[in-house]
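This report concerns only the one structure given below.
Bear in mind that the values in this text are calculations on the coordinates, not laboratory data. This structure is a prediction, so every number in the text was calculated from the model and none was measured. Every residue, glycine as well, gets a Cβ built from its backbone with ideal geometry; the counts of neighbours run over all protein chains shown.
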Amino acid sequence: MGDVVNQPVLELRRVSRSFGPIEVLHDVDIVLRPGRVHALIGENGAGKSTTMKIMAGYQPPSQGEVEFDGQPVRFQTIAEAEGLGISMIHQEFNLAEQLTVEQNIFLGREIRRGLLLDKPAMRRRTRELLARLDCSVSPDRRVSDLSNSDKQMVEIAKALLRDTRVLIMDEPTAVLTRSETAVLLRQVRALKEAGTAVLFTSHKLDEVSEIADDLTIMRDGRVVWSGPAAEMDEHDMATAMVGREMSDLFAPKLGQPGDLALEVRNLNVAGHATDISLSLRQGEILGVAGLIGSGRTETFEAICGLRPGQGDIRVFGKPVQIDQPWQAQALGMCYLTEDRKTRGLLLDKGMHENLTLQALERFVDRGRIDRAAEDDALTRAIADFDIRGHRDSLIRNLSGGNQQKLLFAKVLLAEPRIVIIDEPTRGIDIGTKQQMYEFIRNLASQGQAIVVISSEMQEVIGLADRVLVMRQGRIMGELQDEEASEDAIVRLAMGVVQTTPAEEKTV
Amino acid sequence: MKHFVSGLAVAVALSAPAFAQDDTKVIGVSIPAATHGWAGGMNYFAQEAVDRLDAAYPQLDFVLATASDPSKQVNDIEDMVATRNIDALVVLPFESEPLTGPVQNVKQSGAWVTVVDRGLSVEGIEDLYVAGDNPGFGRVSGEYMAQALPDGGKIVVLRGIPTTIDNERVEGFQQAIEGSGIEILGMEHGNWNRDDAFTVMQDFLSKYPEIDAVWASDDDMAVGVLGAIDAAGREDINFVLGGAGMKEMIKRVKDNDAMIPADVTYPPSMIATAIEVTAVGLVSNAPVSGDFIIGSVLVTPENADDFYFPDSPF
Amino acid sequence: MNAIIRTDRRLSMTVVGPVLGLIALLVAGALLNPNFLGWDNLTNVLARSAFIGIIAVGMTFVITAGGLDLSVGSMAAFIAGLMILMMNKALPGLGVGIPVVLLGMATALIAGLGAGLLNGLLITRLGIEPFIVTLGSMGIYRSLVTWLADGGTLSLDFTLRSFYQPVYYGGVFGISWPIIVFALVVIIGEIVMRSTAFGRHCAAIGSNDQVARYSSVRVGHVRLMTYAALGMLVGVATIMYVPRLGSASSATGVLWELEAIAAVIIGGTVLKGGFGRVWGTVIGVLILSLIGNILNLTDFVSPYLNGAIQGAIIVLAVVLQRESKADG
């Protein structure tokens, strides 16, 4: 694939970046060309985010050059980069939650007629853009009411409006279901055909193989491989990212479930789930699959007292009434949220405070918190869960994988006997994923009863002893380990009887 | 008795239509709410006058409204004209500027206007002006101070909320003590508030090792000043002169308290006078227009009985 | 690792900022007036800071847990009025003595606790914004005290007041009771904030109440307790306040709420919650009191400008803390 195809639009040359004394990027080169999709992959903490931020003008390089259309540029503000047609979509969206979809898309670019806003024109344009993205959200919906995938689409619509020449996306598919991912990838292809240069990061290597033309792999702040994507298969990519051979992702299953831990009969969660019945045994991992919005999260939040629901719940054989999460915890049941940044961890606090928050009473000695015990607990958690990062750094500055491990350690500190884990590996790299799977399997082998809710089919199949599939707030079916295949899950999740290729389905 | 005020207003409103066709006349009274001691006394006397006159003159109706800020007072007055069609307005303006226009409109509607205590910013609107004498208040206080300290002395002064009223009083005081040998060590604003006066006085005591007397200029502030002096255990201060005529202070004058040898009136009852004169004028067509200035009187143990109203809240 | 931005420098500035401000004021005061550093003046300032200070310690917890209470000034006035009425009423039966004073103190503590619980219940159970709830109760208590006093002033019986007065003016080893009580409240407050589960939970809730809820923290309960504790401390402050001048009126405690909130923020507690420190609040209270004290002790500026100076110093104290945040 030659440099002759077309001139680079945006290029980093030997870029380094330091924060204080710590250099996080070393001599990074990366070239984006019009009409090509460039994938940037690497483990969390490899330097992908910083690289993207430098390209989008959020941060200046400490050394090296950024070139746009062959000219060196030095962006003073993000607006300058935007002015040249560089848009970046963040993993944590950059949308005004209280404004509507339309207001967000046109934020700062409102169409005016005289002094007033030309609302019909903006409305029309919004509908066009959303239609291009196969997104059926109403322009009047508040962004705070949207699902993550719809927010993603709004971000992309925003970028489309701005005649983007370079589109940079930080893990665009992390929060999307398969069908939503398919829509997104189709849109990326359309942008590419229109001549846009696209850079994206992803932990889903199958997507990378599917859509990327060029590929850059980073590890520890350096580029370790760069070239045409076609030259690497998924296994090679993973090996290059991790720097070692990847063994099998999933630990072997045990298949020796014990006594009943949790029984739910006829649970209803207003607006989200109807007539849910399920059971869970000690030492068992129950997988829960389904599309985003199928009521999986809401069902288990209701079971743990995080939202109102009606139904009969028995914990270790005893009928219980749970209205508040602390009541569930007192019964030995904990829910580990899918949303670690807004529900799981206090981003502006340190590791100690976060780790012990859920089980703080265990660290209280005669009314006062025993800081030495807290410190010991952190030391143990860091060792047990391989958490990397400075002990005194704020959670905000940890990578996603380390945040997830800390969240895991935090919930386990409460010593729950029933653990409900929602999206255990969302947005974390493959090496960490493997570790998480091991932790979960270990937990089950110690006799804990575990529920894993996941949108990643591989994960559910590889991890669970038994899989429940939900669709539109109902349990569509239960698959034993040997029956659980992607095909079977997708059929139940989509509510179709016949086998159809999953990737081509849209909701 | 604020709860009673609103009750009265409702009762008057309900009974109004029955008298509407005959010769019943309505007097509106608009005053600031009881946010400090003197205003509390003024509210008491207004209420008392309205009750008394309402009983004495069956052909008169009264509407009494208290306002906690100038814009509320403007609304009150507009409501009185619009819904009660008042024949006379007795108003103690919260502030001069914002009330001038609305009161002028009332005047143009043909109603009688009585302004109390604080003048409007345009002259000649009111038919009757009833007011205390602020320069006079300062002068009487200053003259007493000069007479009580014949050989001169060092005093400190607590001022009220920074307003024209306060400026006039202080100027009157300073003129009266000129040439008497009295030295004003310091002046600070105690905002007619006990707690603020306590704090200011404590700091005066730290700052000046020798003080002969204090012009607290207000009885509420005098309470705070006395508290601070007691706490510090200072013996050098001979007396504290307050002002306005609060009953507790008048009582101490009456009882020959050495620290409170005298008081200077600025009677909150002037509102009652204004309402009464207005009522008489409306009923009898007697010539009552003009300016009524109620002078400030020095209260001493000899005449204290005349100024002691144990039932008044002030 | 990806961008570990060390926070030490910023933290140190937020610690040093208010302390520097306090030291600067002490130096300025000492230079401007030789009496400033005298024992009498310093104890005066500390004693008069005690009311706002005790309330501000409670406010620190409320704000740290993401709440706000605008009603404390009116609440103090109302409790003072109630206390005086109660003591005057019980006086003929009990006579001047310790029982009647204890009755007054109990009245203040119970009324404070009740008022705080009421605010807290409206906020946590009905889910109304703290700003609205306490704005409402601020108006209610303010008119209640005006009504109790018939628009005038409620005064404690003179002989009873003389008996009760040592609670403000008396003390041990030359340190008056308000200062001692204030110090005790601060020490307890600091320990609770720093090293108990309650303090930690307050910070967690203020930082992100969803995270706290998902971590099985009893969010509503903790919030309720912050308001109850604040109400109780308003009662404690009132117990000290009443013997000073023996009276309560509608002018009592005006703007105390804003002074308390300002002190909390000057001390480095974050207004939107999530981080609080009690010792900082003490420094905030002292800074506010000292400004007034210094302005009274000197003829440096026109007294008309006192408010402007106070305002400028408040803003400056907060700016000092933020200074190094720019590159964060």
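Odds and ends about this structure:
- Considering only C:ALA228, C:ALA317, C:ALA308, the mean-square fluctuation computed in a Gaussian network model of chain C, springs between alpha carbons under 10 angstrom, is largest for C:ALA308.
- Within region A:25-111, trypsin sites (Lys or Arg not before Pro) in DSSP loop having at most 15 other beta-carbon neighbours inside 10 Å: A:ARG74, A:ARG109
- Cα pair count fraction exceeding 61 Å, expressed as % - the protein assembly as shown: 30 percent
- Sorting A:THR274, A:THR164 by the number of Cβ atoms found within 10 Å of their own Cβ, with the fewest placed first, yields A:THR274, A:THR164.
- Cβ-based net charge around B:GLY142, under 13 Å, with every Lys or Arg adding one and every Asp or Glu removing one: -2
- Computed [θ] at 222 nm, deg cm²/dmol, chain A (DSSP H ≥ 4; -39,500 (n - 2.57); rounded to nearest 500): -9500 deg cm²/dmol
- With N as its number of residues, region A:48-152 has a Cα radius of gyration that, divided by 2.2 N^0.38 Å, comes to 1.28.
- In degrees, nearest ten, helix B:270-284 long axis to first principal axis of chain B (Cα): 30 degrees
- D (Stokes-Einstein, µm²/s), Kirkwood Cα radius, chain B, 1.002 mPa s at 20 °C: 104 µm²/s
- Each 20 Å bin from 0 upward holds the following percent of the Cα-Cα pairs of chain C: 30, 57, 12, 0.
- Computed on chain A, with alpha-carbon pairs under 8 angstrom and 6+ residues apart, the relative contact order is 15 percent.
- When the helices of chain B are scored as -39500 (n - 2.57) per DSSP H run of n ≥ 4 and the total is divided over every residue, the value at 222 nm lands at -14500 deg cm²/dmol.
- Gyration tensor (alpha-carbon) shape descriptor, region C:1-133, a/c threshold 1.5: oblate
- Residues considered: B:GLU183, B:GLU235, B:GLU48. Largest GNM mean-square fluctuation over chain B, using C-alpha springs under 10 Å, is found at B:GLU235.
- Of the GluC sites (Glu not before Pro) found in region B:91-167, those that fall in a DSSP loop while having at most 11 other beta-carbon atoms within 10 Å are B:GLU123.
- For A:LYS192, the aspartates and glutamates whose Cα comes closer than 16 Å to its Cα, not counting residues fewer than 8 places off in the same chain, are A:ASP163, A:GLU207, A:GLU210, A:ASP213, A:ASP214.
- The helix-based estimate of mean residue ellipticity at 222 nm for chain C, built from -39,500 (n - 2.57) per DSSP H run of four or more residues and divided by its residue count, is -25000 deg cm²/dmol to the nearest 500.
- Relative contact order computed over region A:339-415 (Cα-Cα under 8 Å; 6+ residues apart), in percent: 47 percent
- Calculated on the alpha-carbon coordinates, the convex hull of region A:10-242 measures out at 130 cubic angstrom per residue.
- Computed lengthening from C:ILE23 to C:ASP40, 0.36 nm per intervening residue step minus Cα-Cα distance: 4.2 nm
- Here the contact order of chain B, divided by its residue count and restricted to Cα pairs under 8 Å and six or more residues apart, works out to 18 percent.
- Computed over region C:73-159, the convex hull of the alpha-carbon atoms projects to a mean area of 6.0 nm².
- With the simple model of a label 7 Å out from the Cα in the direction of the Cβ, B:SER109 to A:ASN6 spans 7.6 nm.
- Of B:ASN285, B:ASN238, B:ASN105, the one that fluctuates the most in a GNM where chain B has Cα springs shorter than 10 Å: B:ASN285
- The trypsin sites (Lys or Arg not before Pro) found in region C:228-328 that occupy coil by DSSP, while having at most 12 further C-beta atoms within 10 Å, are C:LYS272.
- The C-alpha atoms of chain B define a longest principal axis, and helix B:70-79 lies at about 20 degrees to it.
- Membrane-span-like helices in chain C (whole DSSP H runs, Cα extent of at least 20 Å along the helix axis, mean Kyte-Doolittle hydropathy of at least 0.5): C:8-32, C:39-64, C:72-94, C:98-124, C:130-148, C:177-195, C:219-245, C:278-297, C:306-322.
- DSSP beta bridge pairing in chain B, given as percent antiparallel to the nearest 5: 5 percent
- Charge sum, other residues only, whose C-beta stays under 9 Å from B:GLY152's C-beta, Lys/Arg counted +1 and Asp/Glu -1: -2
- At 1.306 mPa s and 10 °C, Stokes D of region B:134-264 from Kirkwood alpha-carbon radius, µm² per second: 112 µm²/s
- The convex hull of the Cα atoms of chain A, projected and averaged over all directions, covers 26.0 nm².
- Taking the C-alpha atoms of region B:218-314, convex hull volume expressed per residue in Å³: 109 Å³
- Antiparallel DSSP beta bridges within the protein assembly as shown, percent to nearest 5: 40 percent
- Helix axis angle, B:37-56 relative to chain B longest principal axis, alpha carbon, degrees: 30 degrees
- DSSP beta bridge pairing in region A:111-249, given as percent antiparallel to the nearest 5: 65 percent
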